[in-house]
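Enquirer: Here it is, the structure, as structure tokens.
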Amino acid sequence: MIGQRISGRYQILDTIGGGGMANVYKALDVILDRHVAVKVLQPQFSDDEQFIKRFRREAQSATSLAHPNIVNIYDVGEEGNTYYIVMEYVEGQTLKELIQARGPLPVQEAIDYMVQMLLALEHSHANHIIHRDIKPHNILISQDGVVKVTDFGIARAISAATITHTNSVMGSVHYLSPEQARGGHITYKSDIYSLGIVFYEMLTGELPFQGDTAVSIAIKHLQSEVPSAKTKVPTLPQSVENIIRKATVKDPLNRYATVQEMEEDVVTALEPERRNEPIFQLNDEEDEVTKAIPIITNDHSDELEKTVEAKPVTIDKKPVQPKEKGTSEPAKKKKKKGKKWLVILILIAFLIFGAIVAAFAVLPSVFQVGEVEVPNVVNLPFDEAEEELLALNLNVQREDVSENDEIPKDHVVRQNQAPGSIVKEGSTIRLFVSIGKEEIELDDVVGMHIDRAERHLRGLGFEVESTEEETDEENTGIVLSQDPSEGTLVIVDETTVFLTYSVEPQIRLRDLQNEREADITRYLNEIGLRYDFQYEHSNTIDSGRALRQSPAPNTVLNKGDLVRVTISQGAEPEPEPEEERVSSYEVTQEIEVSEADRDAGKTFDIRILIRDHSTGGQEVVFTEETISDSVQYTIPIEATRSQSGFVKIFINGNLEKELGPYQLREN
């Protein structure tokens, strides 16, 4: 097909790849001047009604999805016997090619890819679509590292009430869930099992099960536990190993309940407290062995990577032919009557045929149909386009599409037949009419943690603005409200979602000065603040009341913050005088009376004065007496640093001797 142009718009440039059902080509959209990928149903299936139905189902399923991690579908159509889907062209490689080129991927890189796959399937499952064929071949990695999940060709939309099953197994056998292999009830958890196998392959570079035939591999999925990835990569954290274990449990009831639950586990897998968590084990070991696999056929080993479909064996029942019996006489009479009526019918048919021939010969103009040239009605409003075509005696069939956001709502995106085509009057022209930008129902994120809610909404393409609200009624970081509300129909790139989430109430510290210590203690305990009291004297604040605080009044604090308060101890008391050191002396002084004076009967008036520390620096009389004989006096003297000691001796009123100064001894 290289070099061909489909529907006058898509110029085929190169082959990208192919599968059992369709081939994929790189093409140029000559109208929008962009590269696209065109999936074309293989020619041998163009007349196969079952394949065409499945091909159309792929288109219908995929066009209902709009997510950054899912390949966009731009156009769906047919031209003659060519059925095609036009998709987003992704520059990059498949995850399978990446693993084959590099081997095991680093844990952080594998987790990043897995989170993006989970976000894609979260959107798919929210739209009631099970992929059913998750494998690295259907996961594209762009040059920017963005994951794009593709090939929803065997996905099937399901109602919210029930999940039906067509008794056929579809998917690639290496990644097939046990319930798919046995033809059982298929749910969203089938995709989770396949994701677990893909995660194993990303981390180890190998497939968990190998075999020569599809049946042998499918039996291993049914009967054997997925090998431990940790035995292949010993440095793998146990938390990551546990994710693979839980995702690939044989019984779907014991797997992750949703891809959202698995996403939460993957996002937190490398947190330090989880790296060495206990090995995941089921509480009750169940018998998951399936005794028969009635609907899986043997495939050649070189086709094990392809998506397979195996249908139940059916037995052709031939009708039993009754034995011929002899013909009775009455039957012969009826046969003769039948021949008579046959002659009459042939005669009537001959007459009708003759009338038709005559009509063609006599009235040829009655049976002639005019031809008209199909005008170009692309970009016209549908009403105008319809009016123009009806005026040319052409019928109009409308088909709403969402392939081009640039073309206004209810305007013609493209047409079939192509402009300039010559067609018979009365022919039907299909007009593909823009439904404008797609509206989707907004998800409910109230009650989610703000980080997860923002990641989810931004993953869908929304702008998000978040506002804090102080509350004690919810844990910190929980979304309290959203605007627009859940279920509102919105256009993604024209909508900003406003989220309000909970934060701990902040505390504005009041002025504590001059409050009593007991009142301050009670207040700080009530509002959840820690405190530290210090004490000092104050001549202005009464004892037991706050002198100052830190932080200052009106400071905004969080619960658990520390407040320091200085409490007054009242006025500082007068300092007691320092006791001076005292040196004590005993001054010995003898006053002698001579023998001659004694014999002569003389007397002497003695007066001794002292001045020292004990007298407060004043001269006082130590002794005053009259003697007639010699007397020895012992005079105590106290000296300090500020007051030395002195002694004065008077005899008969005259100063006879002055002693001192006596000073403070230094040691």
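Enquirer: What does the extension gain come out to for GLU373 and LEU253, with contour length at 0.36 nm per residue minus their alpha carbon separation?
Expert: Additional length available on full extension: 37.1 nm.
Enquirer: Beyond 26 Å between alpha-carbons counts as too far, so tell me which of LYS189/LYS437; LYS39/LYS96; LYS39/LYS189 fall in that bin.
Expert: Flagged as over cut-off: LYS189/LYS437; LYS39/LYS189.
Enquirer: Name the long-range amide H neighbours of SER172: under 5 Å, sequence gap of 5 or more, or other chain; modelled H, no Pro or chain starts.
Expert: Here the answer is VAL308, since their amide H atoms fall under 5 Å of that of SER172.
Enquirer: Which residues' amide hydrogens lie under 5 Å from the amide hydrogen of ASP75, considering only partners 5 or more residues apart or on another chain, with H built in the peptide plane?
Expert: Residues meeting the criterion, in which the H sits 1.01 Å from N, are VAL86.
Enquirer: Under 17 Å between alpha carbons, and skipping anything fewer than 8 positions from LYS559 in its own chain: which aspartates and glutamates qualify?
Expert: Excluding near neighbours in sequence, the set is GLU468, GLU469, GLU470, ASP472, GLU473, GLU474, GLU504, GLU526, ASP532.
Enquirer: Additional query: Show me, for region 465-481, the HN-Hα J-couplings you get by feeding each phi into the Karplus relation (A = 6.51, B = -1.76, C = 1.60, θ = phi - 60°), rounded to Hz, glycine and proline as x.
Expert: 10, 10, 10, 7, 9, 6, 7, 9, 8, 10, 5, 4, x, 8, 5, 8, 7
Enquirer: Applying the Karplus parametrisation 6.51 cos²θ - 1.76 cosθ + 1.60 with θ = phi - 60° to the phi angles of region 554-563, what ³J(HN,Hα) value in whole Hz is obtained for each residue in order, glycine and proline being reported as x?
Expert: Each residue's phi maps through the Karplus curve to give 6, 5, 8, 10, 9, 4, x, 5, 9, 10 Hz.
Enquirer: Continuing with the same structure: I'd like to compare 523-529, 620-626: which one has the highest average count of other Cβ atoms within 10 Å, and what's the full order after that?
Expert: 523-529, 620-626
Enquirer: Quick one: which of 84-95, 7-18 comes out on top by average Cβ neighbours within 10 Å, and what's the full order, highest first? Working shown, then result.
Expert: Values: 84-95: 19.2, 7-18: 15.8.
Answer by packing, highest mean first, reads 84-95, 7-18.
Enquirer: Of GLY645, THR623, ALA600, which is farthest towards the positive pole of region 594-655's charge dipole, taken about the Cα centre with +1 and -1 on the beta-carbons of Lys, Arg and Asp, Glu respectively?
Expert: Positive-most Cα among the choices belongs to GLY645.
Enquirer: So for each of 532-543, 627-638, 413-424 I average, over its residues, the number of other beta carbons within 10 Å; can you give me the resulting order with the highest mean first?
Expert: Details: 532-543: 12.8, 627-638: 14.3, 413-424: 16.2.
For the peptides 532-543, 627-638, 413-424, the packing ranking is 413-424, 627-638, 532-543.
No value in this document is a laboratory result; all are computed from the given coordinates. From a predicted model like this one, the values you see are computed outputs, not experimental measurements. Using ideal geometry, Cβ is built from the backbone for each residue, glycine included, and neighbour counts are taken over all protein chains shown.
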